[in-house]
Amino acid sequence: MNVKISQTADIQKFFQEASGFGNDEGSPRLKRIMLRVLQDTAKLIEDLDITDDEFWTAVDYLNRLGGRGEAGLLIAGLGLEHFLDLLNDAKDAEIGRIGGTPRTIEGPLYVAGAPIAQGEARMDDGSEAAVATPMFLEGRVLDLDGQPVAGAVVDVWHANTKGNYSYFDKSQSEYNLRRRIVTDAEGRYRARSIVPSGYGCDPQGPTQECLNQLGRHGQRPAHIHFFISAPGYRHLTTQINLSGDKYLWDDFAYATRDGLVGELNFVENAAAAAKRGVDGRFAEIEFSFQLQKAASAADEQRSHRPRALQVQGA
C-alpha cells in the first residue's frame, strides 16, 4: 500500500497538538524541535514503509541503548558528533574564523574535576607499571602568531593499557590518567603517563549490535583527549590519535583529522631512560596547540554538554 497521510492537514494539526502548540506553557524552542522530530519520523515511516515490528524493535533498542549508557558512544559511531565539528568548521569559515589547532570530538568519557598541577604532572597511578610503557608527553600552548599562552589549562585524559577509562572502570583509582596542567611562562606543559591502548565497543553491547548490522567495526585507535582553555582565547576541544595504530585512519568514531596525529617516538636507550627516571623502553610525544582569540566570553567556555563528575572517595 502507498498510504501517505503524514502531510495532511489533520495529521499536521495532530502533531502540533502533541508538541505542545495548544498551550502557552513549556519551552517554545523544544516545541519547535519536537514538532520537526514528529514530522520527520512520520515521513521516514511512510517513505521507507517501516513495519510495526521494525518500529517497536527500534523502540526496544533505544531503551537498551539508554540502559547501557551508550547513547553518546552510538552518536560518535554514527558520525553525528563528527558532523557537529564539520558544521562548526563551516560556520567558522563563513565568517573568516580560521587557523589554529583543529577541533574534533570530545567523546563520552570525560570526567570533570581532575587534579590540577602547575607546569607538569604525573598522570598514572603506577598500577600498570609491570605492563605499561612509560610515556612522556609535552608541548606548548600558543596563539595564532606563535606566541606562548601562559596560564592556559591543559585538561588531558586517556585510557589505560586495556582501553578503559577511570571512573567508568571502577578498578582504577580516582582520576587515574586524568589531569589538568597549567602552562608555564613559555606556554609549556609536561606530563608523565603511560602509552594508552585503543578500545573497541563492547561486543555484546547495543552500539556494536547496530554497527554489526551496518557491516562496520567498533574500534578506536590509541588516542589522548584534550580541553585547552585560557582567558581571552577560544576554548578548544580536541584529541590526538597516535601514530602507528592499525585504526589510525579507520577510527569508528571519525575523530582522526589532519593535524591531529601524535607521533610516538619509542626510545630504547639505558642512559636516556635513567635520565627520565624509568627502566627500559619508553615513549616520547610532543604536541603543541594554537588557540584562536575569543570573540566573546562565551567563546572561552566549553559546551554545556552533561558530563560525569567524580565524587571524591566514592
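The values are calculated or read from the model by the stated rules, or taken from the named source; none is laboratory data. Not measured: the values here are computed from a predicted model. Positions of Cβ are backbone-derived with ideal geometry, glycine not excepted, and every protein chain shown enters the neighbour counts.
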- Task: Determine which member of the set D299, D258 is out of contact with any helix residue (DSSP H, G or I) (no Cβ under 9 Å at 6 or more places or on another chain), closer than 22 Å to D85 by Cβ, surrounded by fewer than 11 Cβ atoms within 10 Å (Cβ to Cβ) and acidic (D, E).
- Result: D258
- Of residues in the stretch 261-277 being touching a residue at least 24 places away in the same chain (Cβ under 8 Å) and in contact with a Phe, Trp or Tyr (Cβ under 9 Å, 6 or more places away or on another chain), the one surrounded by the most Cβ atoms within 10 Å (Cβ to Cβ): G262
- Message: Tell me yes or no: at least one residue of the stretch 177-197 is more than 15 Å from L142 (Cα to Cα), aromatic (F, W, Y) and assigned by TED's automatic domain parsing to the domain that holds D92.
- Response: no
- Message: Cβ-Cβ distance below 8 Å, separation of 6 or more or different chains: which pairs start in the stretch 84-99 with a residue that is without any contact (Cβ under 8 Å) to a residue 12 or more places away in the chain and end on one that is part of a helix (DSSP H, G or I)?
- Response: I98/D92
- Message: Condition (residue is buried (at least 20 other Cβ atoms within 10 Å of the Cβ), more than 24 Å from E128 (Cβ to Cβ), of a type in the set (D, E, K, R) and modelled with pLDDT of 95 or more) applied to the stretch 229-252: is it met by at least one residue?
- Response: yes
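Okay, residues lined up against (1) in a helix (DSSP H, G or I); (2) under 20 Å from the mean Cα position of the chain (by Cα):
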site: M34; (1), (2): yes, no
site: A42; (1), (2): yes, no
site: D89; (1), (2): yes, yes
site: P108; (1), (2): no, yes
